[in-house]
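**Q** Mind looking over this structure? Questions follow.
Nothing in this text is a laboratory measurement; each read-out follows from the coordinates by a stated rule. The shown structure was predicted, so the numbers you read here are calculated from the model rather than taken from an experiment. Cβ sites come from the backbone with ideal geometry, for glycine too, and all protein chains shown count toward neighbours.
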Amino acid sequence: MVFVTAMMALATLAFYGASNYGIGADQLCYYGATFCVHPHWLAIATLMLAIWTLFLRVDRI
């Protein structure tokens, strides 16, 4: 679950960079145009996933 959270965070950073700074925007925004326009949607999902991951890890202790 930690791996999935980390990959989601990297995707969020990639779409944020593509939308605000144009880093790799040609190919990335072609496939995920919605997330290039609204990268905060991925940030919210990543935050919720991080909270869920921490909840699962605390539950095992």
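**Q** Once the Cα atoms of helix 2-20 and of the chain are each reduced to a long axis, what angle between those two axes, in degrees from 0 to 90 to the nearest 10, is obtained?
**A** Once rounded, the angle reads 20 degrees.
**Q** Taking Cα pairs under 8 Å and at least six residues apart, what relative contact order does the range 14-56 come out at, in percent?
**A** 31
**Q** Turning to a different aspect of this structure: Given the peptides 14-21, 31-38, arrange them by the average over their residues of other C-beta atoms within 10 Å, most packed first. Could the numbers behind the result be given before it?
**A** Details: 14-21: 16.9, 31-38: 13.8.
So the order, starting with the most tightly packed, is 14-21, 31-38.
**Q** Given [x] 12.6; [y] 14.1; [z] 12.1 as candidate values of Kirkwood radius over Cα pairs in Å, which corresponds to the one derived from the coordinates?
**A** [z]
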